[in-house]
Amino acid sequence: MTADGFAAMKQELEELKTTKRKEISEKIRVARGFGDLSENSEYDEAKNEQAVVEARILLLEEQLKHVKIVEADDISSDVVSIGCTVKILDMEFNEETEYRIVSSVETSGMNTITDESPVGKALLGHKVGDVVEVVAPGGNFQFQVLAIGK
């Protein structure tokens, strides 16, 4: 995982543990004031939200325990790997695109692909000039690796 991805996960975890937990606790407190809990949809909704948040907290904590951070100095510009930026050419449409390869547990943003996506998986380990065959649910595609950066 990249250092940026690690920081983003830690920030999300902290926000869930502090801000979100307090918000949900307040929703539950207010909903309890509405009366009979067996027919209280606000209470049910707040409890469901609490369960989702707690599950996400557990998942993030577990992922953060086992993460290996890829340092910028460790990212090679010789082969496509997690943390690098790769410029590719779609052979069919003659279009260039640039992506940053991130781990599958990182929050993806614009112009990122995960190492477990069909394109990401196919690109890993390839060098500049390589033509890569991508087998995806939408069909097979060919990309040429044009450049690899940090």
**OP:** Over the chain, with every protein chain in place, what whole percent of the accessible area is carbon and sulfur at 1.4 Å, could you tell me?
**Re:** 50 percent
Original post:
Using 7 Å Cα-to-Cβ label points, what is the Glu116/Glu133 separation (nm, one decimal)?
Top reply: 2.5 nm
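Could you order Ser77, Ser38, Ser117 by accessible surface area, starting with the largest, using a probe radius of 1.4 Å?
On the way: Ser77 60, Ser38 90, Ser117 30 Å².
Ranked list, largest accessible area first: Ser38, Ser77, Ser117.
Taking the Cβ of Lys87 as the centre, find all other residues whose Cβ is under 14 Å away and add up their charges (Lys, Arg: +1; Asp, Glu: -1).
Numbers: positive: Arg100, Lys127, Lys150; negative: Asp90, Glu95, Glu96, Glu98, Asp130.
My count for the surroundings of Lys87 gives -2.
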Original post:
Between Ser104 and Glu26, what is the label-to-label distance in nm when each label sits 7 Å out along the Cα-to-Cβ direction?
Top reply: 3.8 nm
Original post:
So, with +1 on the Cβ of K and R and -1 on the Cβ of D and E, and no other charges, what is the size of the charge dipole of the chain about its Cα centre, to the nearest 20 debye?
Top reply: 440 debye
Subject >> Leading residue at positive end of dipole, the chain (Cβ point charges), from Val131, Gly5, Ser25 >> reply: Ser25
Original post:
Among (i) 12, 43, 35, 11, 1; (ii) 11, 30, 22, 17, 12, 7, 1; (iii) 12, 43, 31, 12, 2, 0, which is the computed P(r) over Cα pairs in 10 Å bins from 0, in percent?
Top reply: (ii)
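Can you pull out the chymotrypsin sites (Phe, Trp or Tyr not before Pro) in segment 54-150 that DSSP calls coil and that have at most 16 other Cβ atoms within 10 Å? Intermediate results must be reported in sequence, preceding the final value.
On the way: sites: Phe93, Tyr99, Phe141, Phe143; in loops: Phe93.
Sites meeting the loop and neighbour criteria: Phe93.
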Subject >> Subset of Lys20/Lys87; Lys10/Lys127; Lys68/Lys150; Lys22/Lys121; Lys121/Lys150 violating a 29 Å alpha-carbon distance limit >> reply: Lys20/Lys87; Lys10/Lys127; Lys22/Lys121
Subject >> Under Karplus coefficients 6.51, -1.76 and 1.60, residue-wise ³J(HN,Hα) of segment 85-93 in Hz, glycine/proline x >> reply: 9, 10, 9, 10, 10, 6, 5, 6, 9
Original post:
Of Asp90, Asp115, Asp44, which has the largest mean-square fluctuation in a 10 Å C-alpha GNM of the chain?
Top reply: Asp44
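Given the DSSP H assignment, sum -39500 (n - 2.57) over each helix run of at least 4 residues in the chain and divide by its residue total; what's the result at 222 nm in deg cm²/dmol, nearest 500?
On the way: 4 runs with 56 residues, N = 150.
The helix-only estimate for the chain comes to -12000 deg cm²/dmol at 222 nm.
Sort Val105, Val145 from largest to smallest accessible area, using a 1.4 Å probe on the heavy atoms of the protein chains. Walk me through the numbers on the way to the answer.
Details: Val105 55, Val145 0 Å².
My answer, sorted largest first, is Val105, Val145.
Between Phe34 and Leu58, what is the FRET efficiency for a Förster distance of 41 Å, r being their Cβ-Cβ separation, to the nearest 0.05?
Values: r = 29 Å, r/R0 = 0.71.
So the FRET efficiency works out to roughly 0.90.
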**OP:** List every residue whose amide H lies under 5 Å from the amide H of Val70, counting only residues 5 or more places away in sequence or on a different chain, with H placed 1.01 Å from N in the peptide plane.
**Re:** Thr2, Ala3
Original post:
Taking the alpha-carbon centroid of each part, what is the distance from segment 96-129 to segment 10-88 in angstrom?
Top reply: 23 Å
Original post:
What FRET efficiency would be calculated for the residue pair Asp44, Gln11, taking the C-beta separation as r and a Förster radius of 30 Å, to the nearest 0.05?
Top reply: 0.50
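If I take every Cα pair under 8 Å that is 6 or more residues apart in the chain, average their sequence separation and divide by the length, what percent do I get for the relative contact order? It would help to have the intermediate numbers written out before the result.
Values: 230 pairs, mean separation 35.0, N = 150.
Answer for the chain is 23 percent.
Residue separation times 0.36 nm, minus the C-alpha to C-alpha distance between Thr19 and Glu96: what's the value? The partial results should precede the final answer.
On the way: separation 77, 0.36 × 77 = 27.72 nm, distance 4.16 nm.
23.6 nm is the gain from fully extending Thr19 to Glu96.
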**OP:** Sort His66, His126 from largest to smallest accessible area, using a 1.4 Å probe on the heavy atoms of the protein chains.
**Re:** His66, His126
Original post:
Around Arg100, what is the net charge, scoring Lys/Arg as +1 and Asp/Glu as -1 over all other residues with Cβ under 13 Å from its Cβ?
Top reply: -2
Subject >> Accessible area expressed per residue, the chain, with surrounding protein chains retained (probe 1.4 Å, Å²) >> reply: 62 Å²
**OP:** Count charges around His66 for me, please; just the other residues with Cβ under 15 Å from its Cβ, Lys/Arg as +1, Asp/Glu as -1.
**Re:** 0
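The values are calculated or read from the model by the stated rules, or taken from the named source; none is laboratory data. Just so we're clear, the structure is a prediction, and the values are computed from it rather than from any experiment. Heads up, the Cβs are rebuilt from the backbone with ideal geometry, glycines too, and the neighbour counts pull from every protein chain shown. With ligands, DNA and RNA removed, areas are computed over all heavy atoms of the protein, side chains included. Shrake-Rupley method; radii C 1.70, N 1.55, O 1.52, S 1.80 Å.
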